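See below for the structure under consideration.
The values are calculated or read from the model by the stated rules, or taken from the named source; none is laboratory data. Computed from a predicted model, the values in this text were never measured in an experiment. In this analysis, Cβ positions are derived from the backbone assuming ideal geometry, glycine residues included, and neighbour counts consider all displayed protein chains. Side chains are part of the model used for accessible areas, which takes the heavy atoms of the whole protein and leaves out ligands, DNA and RNA. Shrake-Rupley method; radii C 1.70, N 1.55, O 1.52, S 1.80 Å.
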Amino acid sequence: MNFTPSRCLPIKTCKRCCQYSTGRNVHKVDTPVLLKNALPLTFNRSGGHGGKQKYIRLNSSQKRCFSSECDEVCHHHEHGEVRVRFAPSPTGFLHLGGLRTALYNYIYAKKYGGSFILRMEDTDQSRLVPGAAESIEDMLEWAGIPPDESPRGGGQYGPYLQSQRLSLYSQAADSLVQTGKAYHCFCSQQRLELLKREALRSGQTPRYDNRCRHLRPDQVEEKLDQKVPHVIRFRLESGVEPFNDLVFGWNRHEVAQVEGDPVVMKADGFPTYHLANVVDDHLMKVSHVLRGSEWLISTSKHLLLYRALGWKPPVFGHLPLLLNRDGSKLSKRQGDIYIQSFQRSGALPEALLDITTHCGSGFNSNRVGRKMEELITEFNPSKITTHSALLDLDKLAEFNKIHLQQRIDDAVQRDWLVRDLQGRIQEVYGTQVQDQDVLQPDYITRVLHLRKGHISSVSDLVSSEYSYLWVRPSFSDQQMAALSSETQHIATLVIRLMEGLKGGEELTVDQLSVELKTLAKKTSNTKYRDVMKIIRLALSGLQQGPSVAEMMVSLGPSEITHRFNRVLQH
């Protein structure tokens with residue numbers, strides 16, 4: 001970074017993150033930061049926020065002014081369009097941690113008018129799970145974060161499966177070898193295993209000893225001619241330059257001091273992650289890499305690769321981990337963290353997106369019930385914190401309930417719910433459904449409106465407590481007799497009430513509540529409470545549930561009449 005202390009240049013900065021831009025690169029200022037060949041850089045916090053000036057202090061006598069207005073340039077790439085990517089490995093299905101990374105990338109792209117790319121990093125052929133790649137793309141689309149470019153949808157910079165890009169990695173690896181930045185390594189698996197065991201025995205971190213780095217050209221040629229199996233290793237150099245992470249600020253890791261030279265091309269001709277992600281991000285013109293913080297320590301290594309290949313690196317931002325409420329890691333063994341299991345259980349995609357952003361950071365407000373448009377509007381990258389996000393999945397039902405209410409109130413979204421529920425009813429009850437009218441959209445819509453605010457998921461409606469809505473219940477004469485000796489009389493009264501209400505007007509819960517109180521007075525020796533129990537049992541076979549009036553509004557006059565005729569037949 002070149003500073004000209006003699007002049008005070010106005011530079012734009014974000015209020016919260018103290019990011020500043022000279023119109024080219026974006027930087028986040030920490031306190032203090034040591035830069036190569038530069039004086040300590042510190043942020044003068046005494047200036048405060050609001051309209052006051054802020055300063056970067058180069059030394060006590062030299063100051064630079066900063067306006068407190070945030071500028072779009074803070075998050076745009078200097079070469080133009082924002083392009084971000086989500087690059088999962090199809091060695092498993094999409095889980096919540098992956099969904100969150102994809103979501104932040106998607107929101108970032110949409111916030112700044114850019115593109116969201118899905119790339120499958122399928123170079124570890126031994127661990128691929130059949131169907132995982134297709135499922136990941138399915139789940140992103142279901143979640144409402146569809147990629148602009150992907151294996152399925154294609155795009156200008158494809159193919160988007162790494163296994164179809166092997167020649168590109170091979171060219172990059174050859175280029176590194178030719179320039180002396182990488183070399184052929186012929187060490188056997190047995191030798192590497194011995195090195196590892198020896199290091200562990202002496203209490204050291206296992207690392208490759210860079211032995212093949214020192215082979216003479218004629219030795220290399222001889223082994224290649226003999227077709228000795230080999231990998232290509234990248235020559236790690238000291239003198240790593242610091243990089244400015246969008247979230248973690250200035251960082252550098254002297255990888256050459258703690259690691260051996262890493263493999264960039266395996267013996268089977270497939271690249272390792274380190275080379276493949278650098279080549280792909282460059283060729284796909286990725287402007288910003290937003291990925292999990294577990295990759296922060298590898299970024300210096302990737303920057304060395306960019307430098308060795310003569311390429312300009314993207315801007316990096318490492319997202320804090322998503323953890324369980326107790327601080328433990330989200331484990332793929334938990335099973336229930338997979339997006340497909342949430343989908344099956346009736347979780348709404350917008351509720352999942354809402355809860356994962358609610359427990360994290362990066363937004364101007366933090367409230368339940370936000371939809372995608374609001375997440376994009378309120379997204380503020382400078383507010384992403386470095387501490388992990390604690391996910392409380394026990395609250396998902398509450399998030400789902402709120403988003404379910406919003407969907408029921410929206411005609412287009414409600415149609416989606418109706419179709420979903422139709423499928424679930426047929427799946428759970430199948431041939432038990434005696435009256436196909438229960439699958440009619442009008443009937444299901446009425447049920448949804450009546451239960452709005454009471455249920456957390458449409459899957460609740462196919463549980464046993466709501467089976468009466470889809471299947472006619474069974475009950476015994478003894479159950480009825482135990483409640484009253486007037487069950488036949490009460491059944492007749494209910495049938496008469498329904499006949500009187502068949503004039504075409506819509507039943508309402510309030511109106512029926514009044515009618516039921518009047519009806520109960522027409523019995524000789526049955527209390528109102530027991531009359532309600534009899535009607536409830538006849539309608540649902542249950543002794544608890546929604547109010548009797550609501551049950552009756554849900555079922556409608558003809559079905560109520562049918563069920564009470566069965567009571568008379570008993």
- Please identify every one of the GluC sites (Glu not before Pro) in segment 506-565 that sits in a loop by DSSP and has no more than 15 other beta carbons within 10 Å of its own beta carbon. Glu506
- Please give every one of the aspartates and glutamates within straight-line cross-link reach of Lys521, meaning a C-alpha to C-alpha distance under 17 Å, and leave out same-chain neighbours fewer than 8 residues apart. Glu486, Asp530
- Sort 340-351, 368-379 for me by packing, meaning the mean count of neighbouring Cβ atoms within 10 Å per residue, highest on top. 340-351, 368-379
- Task: Let me have the relative contact order for segment 342-492, percent, based on Cα pairs under 8 Å that are six or more residues apart.
- Result: 23 percent
- Anything over 32 Å Cα to Cα? Flag those among Lys301/Lys371; Lys196/Lys223; Lys111/Lys266; Lys196/Lys383; Lys285/Lys383, in the order listed. Lys301/Lys371; Lys111/Lys266; Lys196/Lys383
- Query: So between Gln479 and Asp415, what do we pick up on full extension, going 0.36 nm a residue minus the alpha carbon distance?
  - Reply: 19.1 nm
- Item | Filtered GluC sites (Glu not before Pro), segment 73-143: DSSP coil and at most 15 other beta carbons within 10 Å | Glu78, Glu81
- Message: Which of rounded, prolate or oblate describes segment 333-483 when judged by the alpha-carbon gyration tensor and an a/c cut-off of 1.5?
- Response: prolate
- Count neighbours as other Cβ atoms within 10 Å of each site's Cβ, and list the GluC sites (Glu not before Pro) in segment 407-505 that are DSSP loop with at most 15 such neighbours. Glu505
- Message: Please list Trp470, Trp250, Trp295 from largest to smallest accessible area, probe radius 1.4 Å, with all protein chains kept in place.
- Response: Trp295, Trp250, Trp470
- Query: Once you sort the root eigenvalues of the Cα gyration tensor of segment 164-319 as a ≥ b ≥ c, which label holds: rounded (a/c under 1.5), prolate (a/b larger than b/c) or oblate (the other case)?
  - Reply: oblate
- Note on the structure: Which residues qualify? For Phe316, with a placed amide H closer than 5 Å and at least 5 residues away or on another chain, they are Leu246, Val289
- Work out from phi, with θ = phi - 60° and the Karplus expression 6.51 cos²θ - 1.76 cosθ + 1.60, the ³J(HN,Hα) of each residue of segment 434-448, listed in order in whole Hz, and give x for Gly and Pro. 7, 10, 5, 4, 5, 8, 5, x, 4, 5, 5, 4, 4, 4, 4
- Classify segment 196-261: rounded, prolate or oblate, from the alpha-carbon gyration tensor (a ≥ b ≥ c, eigenvalue square roots; a/c under 1.5 rounded; otherwise prolate if a/b is larger than b/c)? oblate
- Item | Spacing of the two label points (7 Å from each Cα toward its C-beta) at Asp510 and Lys223, in nm | 8.6 nm
- Item | Highest-first arrangement of 200-213, 156-169, where packing means the average Cβ count within 10 Å | 156-169, 200-213
- Given the peptides 179-185, 388-394, arrange them by the average over their residues of other C-beta atoms within 10 Å, most packed first. 179-185, 388-394
